[in-house]
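Have a look at the structure below before the remarks.
Quick note: the coordinates plus some simple rules give every number you see, no bench work behind them. From a predicted model like this one, the values you see are computed outputs, not experimental measurements. Neighbour counts run over all protein chains shown; Cβ positions are idealised from the backbone, glycine included.
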């Protein structure tokens, strides 16, 4: 029936369609007709109390966000304002989101969808509240609310262009503090709205001449995202003039663009001319043609090109032979014929080391398709080459071929190579072992890599950490974890960062007090949690239960780390509130509030029931006693007021919904 599908598994047209139950193929239809049903229910609210309760209960449920958006938009078709008044009464009165972020998002989306906004009760007050939220969030360091506001306003152009909101933004753009001006322009850029009011566009234009470089930079970004509708002659002239003063940035961007155009310009005619040039008498020309064909990559992978490059492997010029190897490697798997691979294997015996190195790299780039017994055997033998560079590239090639190359012979040879005289070769052997997968996680390999963490070479220690990271949980023995924790104190920042990464990739097996304490205490120059420690913590705390087991103080410390950690978004908000109820420990309550903010979740109370609106369906919790309920309400409300999110429950009109 077009937009409907039968619940009956027998399919369509197997019986009378009107006698069967159906569902909408696209959820939007379901949401739209649900909204229409609710409109009808609100008109006859005295006999539709269940629908009233549905709106009260589900207004902060993200699953029904589109339903409420449709509902707000459909009021323009209603016969009277009665439905509209009842709807907004249900939105603005208890149960109310105790923190306010999701309440703010709901209000913005519903205002946006109402065609005649002046008919909304408290319309002026609501816009004033939104403007105040914008002002406060852009004047403080709280990036969480700022991000949520930008996401909501991106979908609400009429709200952004309301005079109340425009005046608030204009006021901020005129602030003497350059940091605030920068923040405002960054915010405008993230709204990404091409319908900004003329007055606001003019102020962004003026900011292009700001004395502060960061303000100017963010003004450019804002114009880039505002789009073509703002591009008046005056704006374009101003931009051109301003760009002339930012020469270094323009040159950098132009170089990147030219590189892209060159690759796109690889027409059949151009490739044909390059093929002809491979016969040029000048070896420098032939070398550069090989490089050009390699840069073009797979687009150049015609039989004629491949045959010509294979022929160039016999060129008398060392640089041409080397460049031909590199070109075949860059073209990749498409050149992986037996003839090409055999020719590259033969090149492993070239009298010149640079050609042998290039052949190794090419075989590594071809990857799994080069994993024939003959190739693997040749590469293993090449690990004895007298050139450090060749042995280094040979290890890399085996690593790139990966698990397919992980025979006992290869692993044994790479372990022996950990004793190589060259630090570059030892480093490359470590990386190769890490890419060999589960077959390489033997006691012998792990013992050797543990010893390599003590290598005098910084490069080797880094590669060893990376190898352990590649092994992940399979290498997470107590000895390895202890050694990696010790590496967090290494004199080399590079090693310390790599140790963080390795511990993170080992997952929850490294979730010990010692490891977490070391990671949490790693700070950058600005006093924030270092980025590599943040990545590691995110990897370790993928499961909510693992983080909660460490207690509220750790979670609070991570909330104040200065980094937007993904693991904090994985914490179950209802579990935190349950912890507060069970222990009556105020730290669990503070933690619940912080996580509510970071997840843009909502918490509301209706009598003795507490509703938690997190990622999925609302979770209903029973509050044990009045004392805990009052303590929870007071703490959440205090936070909302501090963030200027508390709209309160003004009753400037009265509607009877009972």
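Could you give the angle, 0 to 90 degrees to the nearest 10, between helix 443-452's Cα long axis and the longest principal axis of the Cα atoms of the chain? Result, in degrees: 90. Annotation: extensible slack from residue 377 through residue 132 equals 81.1 nm (criterion: 0.36 nm per residue apart, minus Cα-Cα distance).
Relative to its residue count, the range 504-658 spans a Cα convex hull of 132 Å³ per residue. Placing a label point 7 Å from the Cα of residue 53 along the Cα-to-Cβ direction, the residues of the range 93-128 whose backbone N falls under 19 Å of that point are 93-96.
Counted residue by residue at 0.36 nm each, then reduced by the alpha carbon distance between them, the extension gain from residue 625 to residue 338 reaches 95.6 nm.
For the range 573-642, the Cα-based Rg and Dmax, in that order, read 10.9, 28 Å. In this simple spin-label model, placing a label point 7 Å from the Cα along the Cα-to-Cβ direction at both residue 528 and residue 641 gives a separation of 3.2 nm. Using only alpha-carbon positions in the range 528-609, the gyration tensor eigenvalues give semi-axes of 23, 13, 11 Å once each is multiplied by 5 and square-rooted (largest first).
Extension gain, residue 608 to residue 512, is 30.7 nm, computed as 0.36 nm per intervening residue step minus the present C-alpha separation. Summarising the label geometry, the points placed 7 Å from Cα in the beta-carbon direction at residue 304 and residue 443 lie 6.2 nm from one another.
Quick check: the distance between the Cα centres of the range 365-393 and the range 497-531, to the nearest angstrom? Here the answer is 36 Å between Cα centres. Kindly express, to the nearest 10 degrees and within the range 0 to 90, the angle between helix 531-540's C-alpha long axis and the longest C-alpha principal axis of the chain. Between the helix axis and the principal axis of the chain, the angle is about 80 degrees.
For the chain, the Cα-based Rg and Dmax, in that order, read 32.3, 95 Å.
Note on residue 279 and residue 295: the model spin-label points, each 7 Å out from Cα along the C-beta direction, lie 2.5 nm apart. Shape class for the range 284-324, computed from the alpha carbon gyration tensor (a ≥ b ≥ c): oblate, with a/c not under 1.5 and a/b at or below b/c.
Highest average first, the peptides 204-214, 533-543 ordered by how many other beta carbon atoms sit within 10 Å of their residues are 533-543, 204-214. Reported value for the range 266-405: 85 Å³ per residue, from the convex hull of its C-alpha atoms.
What's the whole-number percent of alpha carbon pairs in the range 436-540 lying beyond 25 angstrom? Distances greater than 25 Å cover 13 percent of the Cα pairs. Only helices enter this figure: runs of n ≥ 4 DSSP H residues, each worth -39500 (n - 2.57), summed and divided by the residues of the chain, yield -19000 deg cm²/dmol at 222 nm to the nearest 500.
Between residue 30 and residue 170, how high is the FRET efficiency from 1/(1 + (r/R0)^6) when r is the Cβ-Cβ distance and R₀ = 56 Å? Nearest 0.05.
0.85
Taking the 0 to 90 degree range and rounding to the nearest ten, how far is the long axis of helix 123-139 tilted relative to the main principal axis of the chain, both from C-alpha atoms? So the helix axis and the longest Cα principal axis differ by about 40 degrees.
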